[in-house]
Amino acid sequence: MKQNFLQIILKHKWATGLFIFIAVIGIYFSYGYIFGSKESARYTLAQVRKSTLIVSVSGSGQVSAYNQVDIKPKASGEVVYLSVRNGQSVAGGEIIARLDSGDYEKTVRDAEISLQKARLDFEKIKGLDSSGTTRIKQKAEDELKKSYEDGFNLVANVFLDIPDIMTGLDDLLFSSTLTTNQWNINYYADSIKVYNDAAEKFKEDASNKYHTARRDYDKNFTNYKSSSRSSENDVIDKLIEETYNTVRSVAEASKSSNNLIRLYKDEFIDHNLKPASLADTHLASLNSYTGKTNSYLLSLLNVKTSIKNAKDGILNADLDFKSQELSLKERENNLQDAKEKLDDYAIRAPFGGIISKVGIKKGDSISASTAIATLVTRQKIAEITLNEVDVTKVKMGQKATLTFDAVPDLTLTGQVVEIDPVGIVSQGVVTYAVKIGFDAQDDRVKTAMSVSAAVVTEAKSDVLLVPSAALKRHGEGYIVEMAAENSGDSRVADLPANIAGVILDQPPVSQAVETGISNDEVTEIISGLKEGDVVIVNTITQTSASANGNQQQNPAFRVPGLPG
C-alpha cells in the first residue's frame, strides 16, 4: 500500500507539488494568525511617581556686559594726566585722567571772595538786638510808634479847633443877625432869588453840607472821647481816618457857605445895591475856617502816609533781610557750582570695570564729545529672545539656567532682570528681548558668546507625575490606559519604574484623570491616579515596528524563498 501511494505520487509529481505548496502556505498563515496575534501588542509602561515639576521656556542669544559706556569729559582742555591702559581694572570713582584747570581755579577763588563779602553784608544787616529783632526792623517799628503818637496828637489838635468852627458855622447860617424874622442862610438866598435862580440851590447845598459835617463831627467826637494814646493801633488808624473825613466835611460846609454869601454880595453889587456889612465879616470867618481845615487835612494826610511808610518799612525790613539772606545763599550756590565744575576737570570712572579702547594720550586737547576710553563691567548678562507666547509667561526675578556652546561643561544660574516691553517683528514673527543677570561670574564666559537659557516659569514640588505621552484626550478631559493589576497578571506589580516591550495577559483599562501643569515631558496628575500606579505610555505593534524599520519576524516558522 505504501508503495502504491509512492507510485501515485511519482506518477503525479506536478499535482503533488502544487498540493504541498498550498498546504505549506495555509499552515504558515494559520500559525501567524493563531500564535502571532499574541506577540502583536507590546507596551511601554511607566509608573506614576512623585517628584518636582519644573515648567520653563527656552531661548537663545548672546552674552553681553551688564553695562558698557564711553567715558567722556564734561569739560574741555589739555590732558595733563592719564593713568589707564587697555585691559586695566578700575574702581568706581577712580580718577583716570585730568585736564588743565588753571583758568577755572581762578573762577573758584573769585566765587570764594564774593561769598565772603556777602557774609559780611549779611552780618551787618542782621545786627540782632537783645529781643532777636534786626536793627532795620526795630527802626521801622520805632518810626511806626512815633507816627501813631503824632497822629493822635494831631487828632487832639483838630478837636481843639473844630468845635469852634462848627459853632461858628451854626451861628453864621442859622442865627438871625441880619434880620429879626429869619435865619441868615434864608436871608442871603431870599435877598437875591429875584435876581438869580441859583440862589435857592446854593442855600440847599450850604444847608446839606453843614448837616453832613455836623453828623460826621458828632460821631467822630464821640469816638475821640472814648480813645486814648494807649489805644490799639487799629483803633488809632480808624480814628485818624474818621477825623480826616470829618475835617473834609467841615471844609466842604465852609466852602458851600462861602459860595452862598459870595453870590449874595456879587448880585447886590451888580444891581447897585449895598450888601450888609455883616456879609464881609461872615466871609472873613469862612476864609479862616477854610484855612484851618485845609491845614488839618494836609497834616492828617501826612500822618496817614507816615504810618503807611512805617508799616511798609517793617515789611521791607523783613524783605531786605530775606533778600540779603537769599543773596548769601546764591553766593554759596555759585561757589558750590564752581567747585563742581572744577571737579569736572578730573575725569573719573562712573563704575568699576575693565578699561578698553583708550583713545587719547597725555598732551592731547579734547572736548566734551571726545571718548577717552570704553569702560565695561565685569558682570555679564545673557540677552535672549522669546516668542510672543513664551514671553507672556516670563516675569521679573524668575530664575533661569544658562548653558554655553563654547563651554559645554558649564551651567550657570541667573534671574530675569529686564523684559523688553516692545517686540521686534521680523518676517511676520514677533520676538521680545529678555535680559538675564548671572548669579555668579565665570571668567570663561566672554562677551558675545552664544548662550541658551531656560527660564523657570512655574515649579511644584512633591506632585504626582506621568509621562505626557500617556495622556489621551477624552471629551473635555483626559484618560490614561493602565495595566490591569487585578487581572491576575502578577508581573505588573513586579515591573520596574519604566520598561518597554511588555506583553500583558489582560487588556489595559482606561482611567479618567484630572491634570495640572505640564512641561514637554511630564504632566501633573491632580486626581485619578496614585503613586506607584502603572500606566501605558505607548503601544508597540508589529505594524508600527515595521514602520520604524524594526520588523519582528515570527520565530516559529519560516519557509525559504518566501518573504517574512
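The values are calculated or read from the model by the stated rules, or taken from the named source; none is laboratory data. Only a predicted model underlies this, so the values are computations on that prediction, with no experimental measurement involved. Heads up, the Cβs are rebuilt from the backbone with ideal geometry, glycines too, and the neighbour counts pull from every protein chain shown. Side chains are part of the model used for accessible areas, which takes the heavy atoms of the whole protein and leaves out ligands, DNA and RNA. Shrake-Rupley method; radii C 1.70, N 1.55, O 1.52, S 1.80 Å.
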Check: crowded, with 18+ Cβ neighbours inside 10 Å, touching a strand residue (DSSP E or B) at 6+ places or on another chain (Cβ under 6 Å) and aliphatic (A, V, I, L, M): does that describe V394?
Finding: yes
Notebook entry, point to check: For the range 179-198, does any single residue satisfy the condition of being open to solvent by 50 Å² or more (accessible area, probe 1.4 Å) and of a type in the set (G, A, S)?
Noted result: no
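Being at pLDDT 90 or above and farther than 21 Å from L53 by Cβ narrows it down to one of K435, K446, so name that one. Spell out how you get there, then give the answer.
Numbers: K446 fails: at pLDDT 90 or above.
Checking each option against the conditions leaves just K435.
Starting from residues that are within 17 Å of V455 (Cβ to Cβ) and of a type in the set (G, A, S), keep the ones in the range 397-414 and report whichever is most open to solvent (accessible area, probe 1.4 Å). So that I can check it myself, show each step before the final result.
Looking only at the range 397-414, we keep the residues that are within 17 Å of V455 (Cβ to Cβ), and these are 397-404, 411-414.
So of that shortlist, the ones also of a type in the set (G, A, S) come out as 397, 400, 414.
Working: G397: 39, A400: 4, G414: 0 Å².
Among those residues, the one meeting the criterion is G397.
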Check: Considering L82, L128, which residue is hydrophobic (A, V, I, L, M, F, W, C), modelled with pLDDT under 85 and touching a strand residue (DSSP E or B) at 6+ places or on another chain (Cβ under 9 Å)?
Finding: L128
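On the given criteria, is D205 more than 19 Å from S288 (Cα to Cα) and more than 60 Å from the chain's Cα centre (by Cα)? Reasoning before the result, please.
Details: more than 19 Å from S288 (Cα to Cα): yes; more than 60 Å from the chain's Cα centre (by Cα): yes.
Spelling it out, D205 is indeed more than 19 Å from S288 (Cα to Cα) and more than 60 Å from the chain's Cα centre (by Cα).
Only one residue in T370, T293, T281 is part of a loop (DSSP other than H, G, I, E, B) and either out of contact with any helix residue (DSSP H, G or I) (no Cβ under 8 Å at 6 or more places or on another chain) or touching a residue at least 24 places away in the same chain (Cβ under 8 Å) (or both). Which one?
On the way: T293 fails: part of a loop (DSSP other than H, G, I, E, B); T281 fails: part of a loop (DSSP other than H, G, I, E, B).
Being part of a loop (DSSP other than H, G, I, E, B) and either out of contact with any helix residue (DSSP H, G or I) (no Cβ under 8 Å at 6 or more places or on another chain) or touching a residue at least 24 places away in the same chain (Cβ under 8 Å) (or both) holds for just one of T370, T293, T281, which is T370.
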Next item on the list: Among the residues of the range 136-169, count how many are open to solvent by 70 Å² or more (accessible area, probe 1.4 Å) and charged (D, E, K, R).
Entry: 7
Checklist line | Of residues in the range 415-436 being touching a strand residue (DSSP E or B) at 6+ places or on another chain (Cβ under 7 Å) and not in a strand (DSSP E or B), the one most open to solvent (accessible area, probe 1.4 Å) | finding: D420
Next item on the list: List the number of the failed condition for D103; all other conditions in (1) among the acidic types (D, E); (2) over 40 Å from the mean Cα position of the chain (by Cα); (3) farther than 30 Å from K308 by Cβ; (4) at pLDDT 85 or above hold.
Entry: (4)
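Considering only strands (runs of 3 or more DSSP E) fully contained in the range 472-520, which possess at least 2 residues that are under 12 Å from V535 (Cα atoms) and modelled with pLDDT of 85 or more? Spell out how you get there, then give the answer.
On the way: elements: 472-474, 477-482, 498-502, 509-518.
The qualifying strands (runs of 3 or more DSSP E) are 477-482, 509-518.
Residue check: is A470 under 30 Å from A349 (Cβ atoms), touching a residue at least 12 places away in the same chain (Cβ under 8 Å) and touching an Asp or Glu at 6+ places or on another chain (Cβ under 9 Å)? Steps first, answer last, please.
Values: under 30 Å from A349 (Cβ atoms): no; touching a residue at least 12 places away in the same chain (Cβ under 8 Å): yes; touching an Asp or Glu at 6+ places or on another chain (Cβ under 9 Å): yes.
Against the criterion (under 30 Å from A349 (Cβ atoms), touching a residue at least 12 places away in the same chain (Cβ under 8 Å) and touching an Asp or Glu at 6+ places or on another chain (Cβ under 9 Å)), A470 does not qualify.
So that you can scan it fast, the table gives a plain yes or no per residue for (1) within 23 Å of T305 (Cβ to Cβ); (2) in contact with a Leu (Cβ under 6 Å, 6 or more places away or on another chain); (3) part of a helix (DSSP H, G or I):
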| site | (1), (2), (3) |
| --- | --- |
| S228 | no, no, no |
| S231 | yes, no, no |
| V235 | yes, no, yes |
| L239 | yes, no, yes |
| N245 | yes, no, yes |
| V250 | yes, no, yes |
| Y264 | no, no, yes |
| L273 | no, no, no |
Notebook entry, point to check: When both residues are 6+ apart or on different chains and their Cβ atoms are under 6 Å apart, which pairs have a first residue that lies in the range 413-428 and is among the acidic types (D, E), and a second that is open to solvent by less than 90 Å² (accessible area, probe 1.4 Å)?
Noted result: E418/K435; D420/Y432; D420/A433
Notebook entry, point to check: For residues in the range 457-478 being open to solvent by 40 Å² or more (accessible area, probe 1.4 Å) and aliphatic (A, V, I, L, M), which is nearest to the chain's Cα centre (by Cα)?
Noted result: A459
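From the list S365, S288, S327, which one is open to solvent by 80 Å² or more (accessible area, probe 1.4 Å) and not β-branched (V, I, T)? Steps first, answer last, please.
Numbers: S288 fails: open to solvent by 80 Å² or more (accessible area, probe 1.4 Å); S327 fails: open to solvent by 80 Å² or more (accessible area, probe 1.4 Å).
The unique qualifying residue is S365.
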Margin query: On the basis of being farther than 14 Å from L173 by Cα and crowded, with 19+ Cβ neighbours inside 10 Å, does A251 make the cut?
Written below: yes
Item checked: Condition broken by I236, with the remaining ones in (1) modelled with pLDDT under 95; (2) under 60 Å from the mean Cα position of the chain (by Cα); (3) open to solvent by 10 Å² or more (accessible area, probe 1.4 Å) satisfied -> (3)
Margin query: Out of everything in the range 520-541 that is open to solvent by 60 Å² or more (accessible area, probe 1.4 Å) and among the β-branched types (V, I, T), what residue ends up being nearest to the chain's Cα centre (by Cα)?
Written below: I526
Item checked: Single match in I71, I95, I22 (criterion: surrounded by fewer than 16 Cβ atoms within 10 Å (Cβ to Cβ), of a type in the set (V, I, T) and either closer than 19 Å to K357 by Cα or at pLDDT 85 or above (or both)) -> I95
